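What follows is a short report on a single structure.
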Amino acid sequence: PPRGDNEFDLSALSEELLKTAGASSDAPRFLLKTAEPLTVRANKELVVQALDAILVLARLCAGPEGEVRLSGQREGDQILLSLGFPRGPLGGLSPEEIVVPYALRSTLPDMGKNALRAASRIMEGQGGSLKLSDPGGGQLNFTLSLPAI
């Protein structure tokens with residue numbers, strides 16, 4: 001999809017989404033740390049869809065006893081969000097395998113079959129990126145970037 005023209009604070013949006021994600025009884029503990037308003041210009045509705053996809057994966061992997069950390073900052077002309085969470089049931093998969101459509105179907109049936117690929121494409125269409133990495137220690141980390149205003 002083409003880049004949108006909504007201006008919004010990605011920090012405030014993330015806080016709203018974490019409140020919703022953490023509302024259920026089986027939700028992990030969600031922690032948020034951002035330095036300042038993180039203003040971006042993008043299609044807000046599509047960014048919400050992309051963030052929702054990665055939050056669903058983080059929630060499913062962390063389980064009710066886990067912890068999900070979301071931090072945000074401005075680096076030069078980019079706004080970066082970092083979402084760290086336990087590997088949980090994805091222990092044997094590499095980040096490259098995890099983002100392949102249908103790869104999580106048997107392990108996490110509640111995860112949309114193309115949700116992570118769609119989230120990545122949405123971020124690219126909005127002028128940013130979405131990358132999954134393995135920092136070690138039984139964790140996974142998504143890094144989302146969008147151009148800052």
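The values are calculated or read from the model by the stated rules, or taken from the named source; none is laboratory data. Computed from a predicted structure; not experimentally measured. Heads up, the Cβs are rebuilt from the backbone with ideal geometry, glycines too, and the neighbour counts pull from every protein chain shown. Heads up: the accessible areas ignore ligands, DNA and RNA and are worked out on the full protein's heavy atoms, side chains in. Shrake-Rupley method; radii C 1.70, N 1.55, O 1.52, S 1.80 Å.
Considering only residues that are touching a helix residue (DSSP H, G or I) at 6+ places or on another chain (Cβ under 9 Å), among the small types (G, A, S) and modelled with pLDDT of 95 or more, which ones fall in the stretch 70-122? Listed by number, the residues that qualify are G72, G84, G88, A115, A118, A119, S120.
For (1) closer than 11 Å to I54 by Cβ; (2) among the hydroxyl-bearing types (S, T, Y), each residue gets a yes or a no:
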site: G91; (1), (2): no, no
site: R105; (1), (2): no, no
site: P109; (1), (2): no, no
site: R117; (1), (2): no, no
site: Q126; (1), (2): no, no
site: S129; (1), (2): no, yes
site: S133; (1), (2): no, yes
site: L144; (1), (2): yes, no
site: A148; (1), (2): no, no
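Can E36 be described as open to solvent by 80 Å² or more (accessible area, probe 1.4 Å), among the acidic types (D, E) and at pLDDT below 95? I'd like the intermediate steps shown before the answer.
Values: open to solvent by 80 Å² or more (accessible area, probe 1.4 Å): yes; among the acidic types (D, E): yes; at pLDDT below 95: yes.
In short, yes.
Listed by first and then second residue, the pairs with beta-carbon distance under 8 Å, at least 6 apart or on different chains, first residue in the stretch 1-30 and outside any helix (DSSP H, G or I), second open to solvent by 30 Å² or more (accessible area, probe 1.4 Å) and small (G, A, S), are R3/G127; P28/G22; R29/G22; F30/G22.
When you scan the stretch 44-61, do you find a residue that is in a loop (DSSP other than H, G, I, E, B), surrounded by 14 or more Cβ atoms within 10 Å (Cβ to Cβ), modelled with pLDDT of 95 or more and over 13 Å from the mean Cα position of the chain (by Cα), even just one?
no
Going residue by residue through the stretch 63-79, is there one that turns out to be within 20 Å of R121 (Cβ to Cβ) and out of contact with any Asp or Glu (no Cβ under 8 Å at 6 or more places or on another chain)? Spell out the reasoning first.
Restricting attention to the stretch 63-79, the residues satisfying the condition of being within 20 Å of R121 (Cβ to Cβ) are 78-79.
Now drop any that are not out of contact with any Asp or Glu (no Cβ under 8 Å at 6 or more places or on another chain), which leaves 78-79.
Among the residues of the stretch 63-79, at least one is within 20 Å of R121 (Cβ to Cβ) and out of contact with any Asp or Glu (no Cβ under 8 Å at 6 or more places or on another chain), which makes the answer yes.
Among the residues of the stretch 81-90, is there at least one that is buried (at least 21 other Cβ atoms within 10 Å of the Cβ), in a strand (DSSP E or B) and touching a Ser or Thr at 6+ places or on another chain (Cβ under 9 Å)? Within the stretch 81-90 (the criterion being buried (at least 21 other Cβ atoms within 10 Å of the Cβ), in a strand (DSSP E or B) and touching a Ser or Thr at 6+ places or on another chain (Cβ under 9 Å)), the answer is yes, since at least one residue qualifies. Of the residues making up the stretch 95-118, at least one is among the β-branched types (V, I, T), open to solvent by 60 Å² or more (accessible area, probe 1.4 Å) and more than 15 Å from F85 (Cβ to Cβ).
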